[in-house]
Amino acid sequence: MDPVVVIKTLWHHKLVVLPVLLLTALAAVYVYSFAPRSYEAKTTYAIVNPKIPTAAELEKNPALGLLNSDNPYLRSADSSLIAQVIGTRLNDDTTGDALLRAGLSTDFTVERPPASFLIEISATSDSREKAVATVNALGSRMEEDLHSIQSANGADERFLYTSLMIAAPDNATEQFSSRLRSLIVVLVAGVVLTFGAVSIARGVENSRARARAEAPTEERQKKSRRRRADPDPEERAEHDEESKPLTLTALDKLTVQDVLEPTGSDDDAFLQNGPLHEALRSGGRTTSPIGAASPIKETSV
């Protein structure tokens, strides 16, 4: 599509485009300035291996050998298994339900870098305080789970993995990406609404142009149908006068004498329009070949 044509079309329908653009701009300013914010708090924990007594320590302090060392995770060949289990438990649905009951945010993530003893916890909320509180609650739940899964067989504290906080969630930072996403959504909606309004305006304009083009023809057809259905009284009178047959009701019975010597005014039509008009004008009597006047016998026509 030619950009020049698009610009010309938008300018042609500026009465529709300008209000939509103004509304979009106001919505964008509101979303960027006054829309709800998004804050994220993070913390990182490290899983620390237990300090298992050495042979020298056991020889020096035989009481250490009497402690319960039945920690199932110490028997695993993968030392990072404990971190994987903790991450899985924190991502369980029960964690989200517990946060919801506590009035905290349920928008959180728990990640573990590959082949490491680190657990990264982050939470997002519409307020800084709630985001920090959510991360602290997740950290406390992680420590409880870490202790419970290892002491299932009654292992002594000396043989349990412990957690160490590396980065404390002192403050939550605002996520400008969420604000930008909302702004982009508003702008895209404004563009779509603008082109939709222009399309509707063009459709209305084309419909009106077709209506104006068809109006003269339809008006002529309506006038013609109106004349046929209800002609003008003067035209109808002229038409009836032209189509009225010539009737000579007063001349139903005529005699030859009446034809030769008309006296009444009713005979004028016959004299002027009858088939014997020319013959009657030549005279009422004829002569015979011998020059004598021939009497006309009165008969009925």
Conditions (1) loosely packed, with under 12 Cβ neighbours inside 10 Å; (2) assigned to a helix (DSSP H, G or I) -> Lys51 fails only (2)
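When you go through Ala172, Ala201, Ala137, Ala133 one by one, which is the residue that is open to solvent by less than 50 Å² (accessible area, probe 1.4 Å), in contact with a Phe, Trp or Tyr (Cβ under 6 Å, 6 or more places away or on another chain) and more than 27 Å from Lys51 (Cα to Cα)?
Ala172
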Pick from Glu120, Glu111, Glu157: which is under 20 Å from Val85 (Cα atoms), of a type in the set (D, E, K, R), touching a residue at least 60 places away in the same chain (Cβ under 8 Å) and open to solvent by 40 Å² or more (accessible area, probe 1.4 Å)? Glu120
Residue pairs meeting the criteria (Cβ under 6 Å; at least 6 apart or on separate chains; first without any contact (Cβ under 8 Å) to a residue 12 or more places away in the chain, in the stretch 57-74; second among the small types (Gly, Ala, Ser) and open to solvent by 50 Å² or more (accessible area, probe 1.4 Å)): Leu58/Gly65
Some residue of the stretch 88-97 being among the basic types (Lys, Arg), open to solvent by 40 Å² or more (accessible area, probe 1.4 Å) and without any contact (Cβ under 8 Å) to a residue 60 or more places away in the chain: no
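Against the condition in contact (Cβ under 8 Å) with a residue 12 or more places away in the chain, hydroxyl-bearing (Ser, Thr, Tyr) and farther than 14 Å from Pro50 by Cα, how does Ser79 come out, does it pass?
no
The values are calculated or read from the model by the stated rules, or taken from the named source; none is laboratory data. None of the values given here were measured: they were computed from a predicted structure. Here the Cβ is made from the backbone with ideal geometry for all residues, glycine too, and neighbour counts use every protein chain on show. Side chains are part of the model used for accessible areas, which takes the heavy atoms of the whole protein and leaves out ligands, DNA and RNA. Shrake-Rupley method; radii C 1.70, N 1.55, O 1.52, S 1.80 Å.
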